[in-house]
Amino acid sequence: MTKDVYEYAVIRVVPRVERGELINAGVLLYCQPRDFLCARVELDAVRLRALDPEADIDGVRRALGAYEMACGQTPGPLADEPLGGRFRWLTAPRSTIVQTGPVHAGLTADPETELARLFDKLVRV
């Protein structure tokens, strides 16, 4: 079975940027040889409220959902971008409540299975 290089970044929520505290809320995975780009997100609202009792849960959920939509065929500002361009745009550094961590790489024969494995390891408690 052939393995291909993939890149991924953890999607994290930093409710109070000045404090630097964060929770992992998703994984974004891109595999160019397989023409694969997908984000999987899940917000743990209880953990978020522990860091910031006044956090806008609905706003954070919408921002996380934007990562998923940007990966799909949904019309939007990134719809005409190639998958690699979308991944680079989504992983660009930003100082917002929802952001990605550093990009890491690996090898996989099945990007969908790798995304599920990373999600379980890095996001689920």
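Values in this text are rule-based calculations from the coordinates and carry no lab data. Remember, it's a predicted structure, so these values are computed and weren't measured experimentally. Note that we place each Cβ from the backbone using ideal geometry, even for glycine, and neighbour counts take in every protein chain shown.
General observations
- A count restricted to region 24-37 and to residues that are touching a Leu at 6+ places or on another chain (Cβ under 8 Å) and surrounded by fewer than 19 Cβ atoms within 10 Å (Cβ to Cβ) stands at 2.
- Filter result for the condition that a residue is exposed (fewer than 12 other Cβ atoms within 10 Å of the Cβ) and either closer than 18 Å to residue 8 by Cβ or among the aromatic types (Phe, Trp, Tyr) (or both), over 120, 80: 120
- Some residue of region 65-78 being in a loop (DSSP other than H, G, I, E, B) and in contact (Cβ under 8 Å) with a residue 60 or more places away in the chain: no
- Residue within region 42-49 that is crowded, with 19+ Cβ neighbours inside 10 Å, within 17 Å of the chain's Cα centre (by Cα), closer than 22 Å to residue 87 by Cα and of a type outside the set (A, V, I, L, M, F, W, C) present: no
- Considering the conditions (1) outside any helix (DSSP H, G or I); (2) at negative phi; (3) out of contact with any Leu (no Cβ under 8 Å at 6 or more places or on another chain); (4) not hydroxyl-bearing (Ser, Thr, Tyr), residue 10 is excluded by exactly one of them, (3).
- All of 106, 65, 101 fail the test of being surrounded by 13 or more Cβ atoms within 10 Å (Cβ to Cβ) and either on the phi > 0 side of the Ramachandran plot or in contact with a helix residue (DSSP H, G or I) (Cβ under 9 Å, 6 or more places away or on another chain) (or both), apart from 106.
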